[in-house]
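Everything below concerns the one structure shown next.
The values are calculated or read from the model by the stated rules, or taken from the named source; none is laboratory data. These figures come from a predicted structure and were not determined experimentally. Because the Cβ atoms are built from the backbone with ideal geometry, glycine has one as well, and the counts that use them run over all protein chains shown.
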Amino acid sequence: MDGEMTGITLTLLKDLAQLSATIGNNAMLSQGAGGNTSIKIDSTLWVKASGFWLQNASIEDIFVPLELKAVRRLIDSGSDYGIQYSVVDKRITSRPSIEATLHALLPQKVILHCHSIRALSFAVRTDSNFVLGERLKGLNWATVPYCRPGMPLTLAVKKVLCEKLPNVLILENHGLVVAAENCQAVQALLNEVETRLNRPKRTCISPDINLLLAIAAGSNYRLPIHEICHSLATSPISSEIVEGGSLYPDQVVFLGVNVTAVSRDEIFNYLSGAYKLAPFILIRGMGVLVKKDISPNAEEMIHALALVCIHIENKDGLKYLSATEEKELLGWEAEQYRISLQLNK
């Protein structure tokens, strides 16, 4: 589409791609296909396509142009059904991000939505408003109660906008939104928020890699790429947190519900049994094994889960997604589409 765009549009999209790639290459901000960015240029909303990775923004065409007024009409109707018809260039087959309506709703020109590990470690707490109030004092921010991603979340944010126009949103059990008039301002504000939410991760014992390799030998499992994933099993606090339930949507979508956790004595029976193989296994006190055929996206979600848990101080006062909320995510066609894109890569 380069030949059809003005020089200004190309420059602004290049800025957005650079911002997106920077965020996407930071595991503390973005994991796999999670997160999305957008920019409003005249009457067009350019938003990340569903299933694409932010880190690839500089080497792939990951943005979809939508007619901004058409998307906002969908918000007024309360349904995002047919959002694909808002795509400006009908030759484009990629779907816009699940959160496209959220990007259209917010009036700022540049929107960043990411699954910040630091933000999530606070957003899953029952006292998140109080704790965040201390850390974000002086910023124009608001919290948004958990709602399913997509139109339900957009409508929840719309209620917030009736009271004030924040440029930082903490999405409970979901993530972070930062909004400003240009990419540089978004990056600066994101840096400020991340600095304020920073806290040291807990320490945990190192796994016995040789023993885990011996256990995995001849099975359908292997060691995870990221060593910190083992903390889900070697840290008692992290183990209790992750075994307690689902903390946020992408955990459910890509890793399922009910984490498989076994003792050292049980692991060999599990590996040799006729069980439905879980994407990953916690061997309590020892470490983590992942399926050999796990998708790169799911592996990054295990990494993210480990990072979130290791940044939570203790297991008390956490809020998990309900069974109903989990079911909404598992049966949602839009998320199944996003998963299918990862399987086909």
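From the list GLU99, GLU67, the one residue that fits, being in contact with a His (Cβ under 7 Å, 6 or more places away or on another chain), acidic (Asp, Glu) and not assigned by TED's automatic domain parsing to the domain that holds LYS327, is GLU99.
Looking across region 111-140, the residues that are touching a residue at least 12 places away in the same chain (Cβ under 8 Å) and assigned to a helix (DSSP H, G or I) come down to ILE117, ARG118, ALA119, LEU120, SER121, PHE122, ALA123, SER128, ASN129, LEU132, ARG135. Filtering GLY285, GLY245 for residues that are touching a Lys or Arg at 6+ places or on another chain (Cβ under 8 Å) and at pLDDT 95 or above leaves a single hit, GLY285. Filtered by the rule that a residue be in a strand (DSSP E or B) and within 23 Å of HIS174 (Cβ to Cβ), region 36-57 gives ASN36, THR37, SER38, ILE39, LYS40, LEU45, TRP46, VAL47, LYS48, ALA49. Could you grab me the full set of residues in region 247-291 that are closer than 18 Å to LYS327 by Cβ, crowded, with 19+ Cβ neighbours inside 10 Å and of a type in the set (A, V, I, L, M)? LEU247, VAL252, VAL253, LEU255, VAL259 - these are the residues of region 247-291 that are closer than 18 Å to LYS327 by Cβ, crowded, with 19+ Cβ neighbours inside 10 Å and of a type in the set (A, V, I, L, M).
Taking the numbered list (1) under 30 Å from ASN269 (Cβ atoms); (2) among the small types (Gly, Ala, Ser); (3) in a loop (DSSP other than H, G, I, E, B) in turn, ALA214 passes all entries but (3). All conditions in (1) under 18 Å from VAL193 (Cα atoms); (2) polar (S, T, N, Q); (3) within 19 Å of the chain's Cα centre (by Cα) hold for SER50, with the sole exception of (1). Candidates in region 157-207 are the residues that are part of a strand (DSSP E or B) and β-branched (Val, Ile, Thr); of these, the one that is farthest from the chain's Cα centre (by Cα) is VAL168. The residues of region 286-333 that are in contact (Cβ under 8 Å) with a residue 60 or more places away in the chain and of a type in the set (Asp, Glu), listed by number, are ASP293, GLU299, GLU300, GLU313, GLU325, GLU326, GLU328. Among the residues that make up region 247-259, is at least one of them part of a helix (DSSP H, G or I) and of a type in the set (Val, Ile, Thr)? Looking through region 247-259, at least one residue is part of a helix (DSSP H, G or I) and of a type in the set (Val, Ile, Thr). Within region 227-235, not a single residue is without any contact (Cβ under 8 Å) to a residue 40 or more places away in the chain, on the phi < 0 side of the Ramachandran plot and in contact with a Leu (Cβ under 6 Å, 6 or more places away or on another chain).
Restricting region 18-27 to residues that are surrounded by fewer than 23 Cβ atoms within 10 Å (Cβ to Cβ) and in contact with a Ser or Thr (Cβ under 7 Å, 6 or more places away or on another chain), the residue that is farthest from GLN108 (Cα to Cα) is ALA21.
Do we have any residue at all in region 173-182 that's closer than 23 Å to LEU45 by Cα and among the acidic types (Asp, Glu)? Scanning region 173-182, I find at least one residue that is closer than 23 Å to LEU45 by Cα and among the acidic types (Asp, Glu), so the answer is yes.
Scanning region 172-189 for residues that are surrounded by 24 or more Cβ atoms within 10 Å (Cβ to Cβ) and in contact with a Ser or Thr (Cβ under 8 Å, 6 or more places away or on another chain) gives GLY175, LEU176.
Is at least one residue of region 202-210 of a type outside the set (Gly, Ala, Ser), within 27 Å of ILE170 (Cβ to Cβ) and touching a residue at least 12 places away in the same chain (Cβ under 8 Å)? Yes, region 202-210 has at least one match. Can you name the residue in region 58-110 that is among the hydroxyl-bearing types (Ser, Thr, Tyr) and outside any loop (DSSP other than H, G, I, E, B) and, of all such residues, is farthest from THR37 (Cα to Cα)? Filtering first and then ranking leaves SER77. For VAL88, are the conditions met, namely being among the aliphatic types (A, V, I, L, M), out of contact with any Ser or Thr (no Cβ under 8 Å at 6 or more places or on another chain) and assigned by TED's automatic domain parsing to the domain that holds ALA185? No. When each of SER97, SER116 is tested for being more than 22 Å from THR9 (Cβ to Cβ), hydroxyl-bearing (Ser, Thr, Tyr) and buried (at least 24 other Cβ atoms within 10 Å of the Cβ), the lone residue that passes is SER116.
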